[in-house]
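Every number in this text was worked out from the coordinates using simple rules, so none of it is lab data. These numbers were taken from a predicted model, which means no experiment stands behind them. Don't worry about glycine lacking a Cβ; one is built from the backbone with ideal geometry, like all the others, and counts go over all protein chains shown.
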């Protein structure tokens, strides 16, 4: 049985580009002695008011609340971080209190096919703004899984660009709120994965269909079902989103192995906040021809000093969702150490 948690749901007003509000789900304190708690409801004893720090989890394509199991292990270990780990014999990692939130964007579950990174960033910004202004959070860190990593990178790039553009007007705020760092777990190239599942030539033919639709002012129309990979055919996908996922240099194309050094630097060099990068060593979404460690070295070389965390590394024996217990605890350990490192830098 999964450990009992109390979940508090916070509704975020819709952004100008969204038709409905997004939500953030707050994990209440894990109680190992409580075997009767409901999985939903208000967080007990104003728990979120005690914690001034927020870790915000963002899933990938098709994800929503509870679809990525390891986040609950992070919650559990963060609750114990100020005493000892319940799952390992690791040395204690001293941390301030942190609360974990999951964001349910309009792109969650099957909504991704009708969305974009830009819309996701708008909705994440609304959630961060709510955390800082309404829940009075001091530190906010984003953690992306899979395509959620693209959201995190897009968020940092936009924030950094706003700050740079406003450097001559220091009192002019950025259009999205600041975060203190990001964690990228399972960053993979959707373009390379789709080519692996469809075949490169078939993907390029489908991408050409999408481009013709975009040129014909039909970017928001859905792709013909038979032009999608078999595992995407239950999801309506707009021509824009399919093209973004499959086009070299598309809006979603941050992690492909065939990007030039110049393209890679254009993605990573604008980032000005600490980034922990933890790909899975045995990720089934990554083609066997891709050397992920070499790719990480290129990302590191493209980052400014102090951005790429030295805690970054391949999660040993991990698949995409980090289902293996030892791999999961390796990830939990790196996440806690990264948060502790951010706290030290903030002192």
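Peptide packing for 140-148, 337-345 was compared via the average number of neighbouring C-beta atoms within 10 Å per residue; ordered from the highest value, the list is 140-148, 337-345.
Only Cα sites of segment 238-282 enter the Debye sum here, all with the same form factor; the resulting log10 I(q)/I(0) across q = 0.15, 0.17, 0.26, 0.34 1/Å is -0.50, -0.63, -1.01, -1.13, listed in q order.
Provide the gained length on full extension for the span residue 326 to residue 209, in nm with one decimal, where the gain is 0.36 nm per separating residue minus the Cα-Cα distance. Write out the running numbers ahead of the final one.
On the way: separation 117, 0.36 × 117 = 42.12 nm, distance 4.38 nm.
Full-extension gain reported as 37.7 nm.
Suppose R0 equals 51 Å; then what is the FRET efficiency for residue 247 and residue 11 from their Cβ-Cβ distance, rounded to the nearest 0.05?
Values: r = 35 Å, r/R0 = 0.68.
Computed FRET efficiency for residue 247 and residue 11 comes out at 0.90.
With R₀ set to 45 Å, the beta-carbon distance separating residue 218 from residue 317 gives a calculated FRET efficiency near 0.50. Placing dummy labels 7 Å off each Cα toward the beta-carbon, the span from residue 197 to residue 345 is 3.4 nm.
Using packing as a proxy for protection, rank 193-202, 270-279 so that the peptide with the highest average count of other Cβ atoms within 10 Å comes first.
On the way: 193-202: 16.6, 270-279: 21.7.
Top of the packing list down: 270-279, 193-202.
Between the beta carbons of residue 134 and residue 293, assuming R0 = 35 Å, the FRET efficiency works out to 0.25 to the nearest 0.05.
Each label point was placed 7 Å from the Cα along the Cα-to-Cβ direction; for residue 66 and residue 94 their separation is 3.8 nm.
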